[in-house]
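Below is one structure, written out as C-alpha cells, with a few remarks after it.
The values are calculated or read from the model by the stated rules, or taken from the named source; none is laboratory data. It should be emphasised that the depicted structure is a prediction, and the values quoted were computed from it without experimental measurement. Please note: Cβ atoms are built from the backbone with ideal geometry, for glycine as well, and neighbour counts cover all protein chains shown.
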Amino acid sequence: MVTSRSRSDTLSGVMIETEPKTVELLAMLPQEMIPVMETMGVPRFHARQIFKWIHQRGINDPTLMTDLPKSLRQQLIGMRLTWPAMVSAVHRADDNTRKLQVRFNDGCAVETVLIPEGSKLTQCISSQVGCAVRCRFCRSGSEGFVRNLSAAEMLSQVALARESYLPGERLTNVVLMGIGEPLHNFTNSLRTIEILNHPDGLDLSYRRITLSTVGIVKGIDRLAEATAGKLALAISLHAADNATRAHLVPGVKSSVEEIMAALQRFGLPKRQRFTIEYVLIKGVNDSPRDARALVKLLSHLKVKINLLPLNPHDRTDLEPPDEATVLAFQQLLLDKGFSVYLRRRRGDEISAACGQLLATK
Ligand code: SF4
C-alpha cells in the first residue's frame, strides 16, 4: 500500500476531498509499485509487467499473469487485485451505445457509457457519486453530492466495460464527463488520467482523454501544471452572462471572465482547441442575444463549440428549444467564424445522453 496526501478542493465552503487516500495496487503507476516489489523480495521489473497485465491486457487475475514467477503470483493472490466494483446492469441502445451501471463495494452505484462512432470507441466515466454543482438541467446532480470515487473505482469502470465491447472494438477515447465534477475530485481524477495515459497501459494520449468541468478555476490551474496544458479540456459553460450561469450552474462561484482567464493561462498546444459545451434550453439561454454574448466572451480563445439541445428527463421541467431556434443559434456562431457542432443525442432511449446519468446510494 502507498499512501498519498491529497489537497482539499472546496465548493461553496464545503470540503469535498480532505482525507489522505490509500492507493490500491490496481491504481498505482509502475514506479509506485517498485517499493511493493522490493518489500516482496522480487526484482523491480515485475512492477511493469503487473501494470501491463492489469491496464493493457485487462487481466487482474494473478493466476493468468503467466510471465511472472509462480511465487510472485501466489503473493499477488493475497493482495487486493479485485476491482472494487461490479456491473449491476447493462442497457444497449439501437445505435449500440451502451450504458453500464457500476456498483461499488459500499453499495453506491454510478453509470458509465460506451459510445461507438466509426472506428472510435469513447467511454464516458463518472468521477463522483452524485454531484455538488447541481446544474438545473442535470439528472446526475439532482440528488446532491454523496462521495468521491477513488482512482480504482474510476478505473474499474474502464476495466469492467471491456466485457461489453463488441467484436473488434478497442477503446480509443475516454471522457471524464459522466456523473460528478472531476475537478472536485482532483487527485483521483488526475491519477486515473495518468494511468490511462501511461505507455505500458492503454497509452491514450492526453488529446484522447477529455476532462469536462463546469469551470473550477483552481482545478484548471492545477491541471495545466500537471499535464503541461496538453490534456483535452471541455468547459460546460451553458451561458455567457453571469446571471444566467449562476441560475443554471449554481454550485460555481467563479465568474465567466475568471474562467476565461484560467483558459488563457492553460498553455494549450498550438493545434489544440478547448471544447465549449452549451446545453440549449428553451427561453433560458437560446436567444440571439445569448449567442452574441457567447461570441463576445469566446472571441479571444481557440475553441470549438458543442451545442446540445437539452435532453429532457424526469427530474427537470426545462425543455429543449425548437429546431428553428437551435439552427438560428448555431448559424449566428458559424457566421462569426466558430466551429460549431450540433451534438446528436446518443443513447437517448436508455437515458445515457449528457445530463441523464444517475447515481444511486
Ligand atoms: S452537469 Fe456535471 S457538474 Fe452539473 S450537476 Fe451534472 S454532473 Fe454535476
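Set side by side, the residues VAL133, VAL102 differ, and just one is in contact with a strand residue (DSSP E or B) (Cβ under 6 Å, 6 or more places away or on another chain) and assigned by TED's automatic domain parsing to the domain that holds THR187, which is VAL102.
Restricted to helices (runs of 4 or more DSSP H) entirely inside the range 173-248, those with at least 1 residues that are under 30 Å from PHE329 (Cα atoms) and among the polar types (S, T, N, Q) are 242-248. For the range 123-147, a residue qualifies if it is more than 13 Å from the ligand (Cβ to nearest atom) and of a type in the set (S, T, N, Q), and exactly one does: GLN123. Looking across the range 100-130, the residues that are touching a residue at least 60 places away in the same chain (Cβ under 8 Å) and not in a strand (DSSP E or B) come down to GLY107, CYS108, SER126, SER127. In the range 83-99, which residues are part of a loop (DSSP other than H, G, I, E, B) and either crowded, with 20+ Cβ neighbours inside 10 Å or free of Cβ contacts under 8 Å to residues at least 24 places away in the same chain (or both)? Hits for the range 83-99 are TRP83, THR97. For the range 182-211, taking the residues that are touching a Pro at 6+ places or on another chain (Cβ under 7 Å) and either buried (at least 20 other Cβ atoms within 10 Å of the Cβ) or at pLDDT below 95 (or both), the one that is nearest to ARG57 (Cα to Cα) is identified as SER189.
Considering only residues in the range 254-284 that are in a loop (DSSP other than H, G, I, E, B) and exposed (fewer than 14 other Cβ atoms within 10 Å of the Cβ), the one that is nearest to the ligand (Cβ to nearest atom) turns out to be GLY283.
Looking at ILE193, ILE220, ILE209, ILE179, which one is more than 29 Å from ASP106 (Cα to Cα) and not charged (D, E, K, R)? Within the list ILE193, ILE220, ILE209, ILE179, the selection yields ILE220.
When GLY219 is tested against (1) under 22 Å from LEU308 (Cβ atoms); (2) within 14 Å of the ligand (Cβ to nearest atom), just one condition goes unmet, and that condition is (1).
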